[in-house]
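The values are calculated or read from the model by the stated rules, or taken from the named source; none is laboratory data. Nothing here was measured: the structure is a model prediction, and the numbers come from that model. Quick reminder, even Gly has a Cβ in these numbers, built from the backbone with ideal geometry, and neighbours come from all protein chains shown. Accessible surface areas use protein heavy atoms only, side chains included; no ligands, DNA or RNA. Shrake-Rupley method; radii C 1.70, N 1.55, O 1.52, S 1.80 Å.
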Amino acid sequence: MEGAHIASLVAARARSAGETPALHHVRFVGRQPTAEPYSYGALYERTQRAAALLARVSVSAGDRVLVSLGHPSQFLAFLLGSQALGATAVPLPSLAELPIPSYLERLASVAADARPSAIVTDDRGAAALPDSLPHTAAVIAVGSDELALDRAAIPTGFCPERALDQVAFLQYTSGSTGRPKGVVVLHGNLVANLRATAEALELDEYDRMYSWLPLFHDMGLVGGLLLGLYVGMPVYVAAPQTFIARPDSWLRAVSTFRATISPGPNFAYHLLARRLPERVLAGIDLSCWRLAFDGAERVDPDTVRAFIRRYAAYGFAPDTFRPAYGMAECALTATMPRPGTPVRYDSIDRASLERHGRALPKPEGAPGSVVYTSAGTALPGFRLRILDLDSDAELPERQVGEIALSGPSVTPGYFGQSTPL
């Protein structure tokens, strides 16, 4: 089963353990989280229903489908439903996650590049779409109960058992430094990254995942939702707005659902470490949390230390904190520390780094020193090297160069640039 991708895993578990809860949609009533469970059987039926809706607008193998949904069970159903038809899902933010102008700008720029056959959004998102987009596509508006209808007829071409060399989804970059580019993630790339991550972190079905990260972003999609489903652990997913509206919701959900794994970006840890009033933390117990990933941006050592120091009184163990490095071009994770190892820091000479590209050690606190947080080592089966920018020669330790990663989850390229699509 370890070589199977997510759609085939969900299908197999729907047959063997159909009533087992797999995905939980988390909402908050005040400060208290509640979780609506979806079993493997329910997820598979929703995947079939999503595929039927896609087939109704003539989506077929080789097409692209923009998926702009915030509800986790709907998002997953259309992601897997697209894959089961041989189409390629393209995750995008939902309207709930962006202001309307930003939402439309993002959708238009990705649609112009991906040239989708269909755009899947909720009712509100569909109403906001202009009459014309850069590329003509069918629009599927998904109501709140659209996928809870009776089981749909399985469409022609529906097959969750897709080859690992076929495309799983396009992960579009932010476009903050240029036009957004769609990273082509094959099923084999995704499975290799999930398998290596699960091995490195010693994950099993007794773990529990909680994530409030956006599902269109690789950290929320791969490191939150899909990693948990791949391993077979219960997955609890909340909307990003829950953290934005009430940052303590993250800690309360970890405590309530006894989550053992929960990822987040550095800014979120910084906010929790320095901004929350003590009164909102009453009753929180973080002793269950064994892997707190920090990624997607530079990991600030002061934030790491402040978070560990503050939440020790709430059961948070120092070696729970896991700084990590990843990129969409290798599905997600590239490096991370192994479980049970302390966070490592490196204090170096700032002048030598900036002037000569050499990271020479210098005592922490000494004038001109700067501290960095270690992001661990490469995943099992991967190789990471630092290369000279001009010659591509491998550099010795403590010299600045270009990161070169090789391994089974390194993706084939960007959409439209000699890719399999």
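Observations on the structure shown:
- With Cα atoms, 0 to 90° folded angle of helix 6-16 axis to the chain main axis: 70
- Among the GluC sites (Glu not before Pro) in segment 352-407, those located in a DSSP loop and surrounded by at most 10 other Cβ atoms within 10 Å of their own Cβ are 397.
- Cα gyration tensor shape for segment 207-268, rounded if a/c is under 1.5, else prolate or oblate: oblate
- Per-pair calculated FRET efficiency, R0 = 35 Å: residue 112 and residue 351 via Cβ, rounded to 0.05: 0.20
- Accessible area per residue was computed with a 1.4 Å probe on protein heavy atoms; residue 298 scores about 130 Å².
- HN-Hα J in Hz across segment 269-285 - Karplus 6.51, -1.76, 1.60, θ = phi - 60°, x for Gly and Pro: 5, 4, 4, 5, 6, 10, 10, 6, x, 4, 5, 7, 9, 4, x, 7, 10
- DSSP finds beta bridges in the chain, and of those with both partners inside it, around 50 percent are antiparallel.
- In the full protein context, segment 209-306 carries 30 Å² of accessible surface per residue, based on a 1.4 Å probe and ignoring ligands, DNA and RNA.
- Cα gyration tensor category, rounded, prolate or oblate, for segment 289-382 with a/c compared to 1.5: oblate
- A Cβ-based charge dipole, computed about the Cα centre of the chain with Lys and Arg at +1 and Asp and Glu at -1, lands at about 680 debye.
- Computed from label points 7 Å out along Cα-Cβ, the spacing between residue 123 and residue 57 is 1.7 nm.
- Angle in degrees between helix 40-56 and the longest Cα principal axis of the chain, rounded to the nearest 10: 60
- Added length on full extension, which subtracts the Cα-Cα distance from 0.36 nm per residue, residue 370 to residue 280: 29.0 nm
- The chain: angle of helix 72-84 to the longest principal axis, Cα-based, in degrees nearest 10: 70
- Cα gyration tensor shape for segment 55-121, rounded if a/c is under 1.5, else prolate or oblate: oblate
- Computed from the C-beta positions of residue 404 and residue 206, the FRET efficiency with R₀ = 41 Å rounds to 0.65.
- Per-residue ellipticity at 222 nm computed for the chain from its helices equals -9000 deg cm²/dmol, with DSSP H segments shorter than 4 residues left out and the rest contributing -39,500 (n - 2.57).
- Highest mean packing first, where packing is the average number of other Cβ atoms within 10 Å per residue, the peptides 206-217, 91-102 line up as 206-217, 91-102.
- Loop GluC sites (Glu not before Pro), segment 192-293, which have at most 13 other Cβ atoms in a 10 Å radius of their Cβ (DSSP): 202, 205
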